[in-house]
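A short write-up of the structure that comes next.
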Amino acid sequence: DISGTITAENGTGIKVMGAAGEGSSTMLINVNNITSSSQSLDINNYNFLGSAFSAITATGHLTAEWGQGAMLQTHSSLGDATTLIHFNDITAMSSGISLINEANQGTSTADITVTGQINVSHGEGITLNALTTDGRTLVNVDVNNIASEYDAIRLYNYNYNDNYATGVDDGTGADNGTSTIDLITRGALVSQ
């Protein structure tokens, strides 16, 4: 928990990398204002034999002069991967929020809420990759205003079906799982 303001003149505001070989990997991050030259937040949470859970809240303003507002990855090899994001305002050059959420043989859940404004001068507002192999994906995005040069929201929601007996993707896509998207926009989406 950081209630004040973080200023990083030549780098990332907060960079956290965590991994667990067995059991669960949990990251709970609460911040207020971050001003940085590159990413305001760079969070990586990996788990190999269990679930990975990331919950990131920024109540103030994330400002990334040359990079992304938030660059996040949550990955589980044999379990569920869950990322919960609650942000207020983001101003960035590259991308407002970039999230890769991946679960192999589990549920990939991504929940993004932005109550304020996302302003991106040279990239996408939100780029979200929700992936699973032999599982299911759940995506919930609830945003207010986004102004970006490229896509306001770019969403990839993949559900793969691998045949582990042969090691070959059988090409059936989401036949053994479900892919669910809930997208709410409460304000204006403007992409140049």
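So for Arg136, Arg186, fewest C-beta neighbours within 10 Å to most, what's the order?
Result, fewest neighbours first: Arg186, Arg136.
Kirkwood hydrodynamic radius, computed over distinct alpha-carbon pairs, for the chain: how many Å, to one decimal? Numbers along the way, then the final one.
Values: mean 1/r = 0.0598 Å⁻¹.
That comes to 16.7 Å for the chain.
Under the classification rounded if a/c is under 1.5, otherwise prolate if a/b is larger than b/c and oblate if not, where does the stretch 37-128 fall, given a ≥ b ≥ c as square roots of the Cα gyration tensor eigenvalues?
It comes out prolate by the Cα gyration axes.
Of the residues Thr133, Thr180, Thr74, which exhibits the maximal mean-square fluctuation in a Gaussian network model of the chain defined by a 10 Å Cα contact cut-off?
Checking each option, the largest mean-square fluctuation is seen for Thr180.
Where a number appears in this text, it was derived from the coordinates with a stated rule and is not lab data. Nothing here was measured: the structure is a model prediction, and the numbers come from that model. Heads up, the Cβs are rebuilt from the backbone with ideal geometry, glycines too, and the neighbour counts pull from every protein chain shown.
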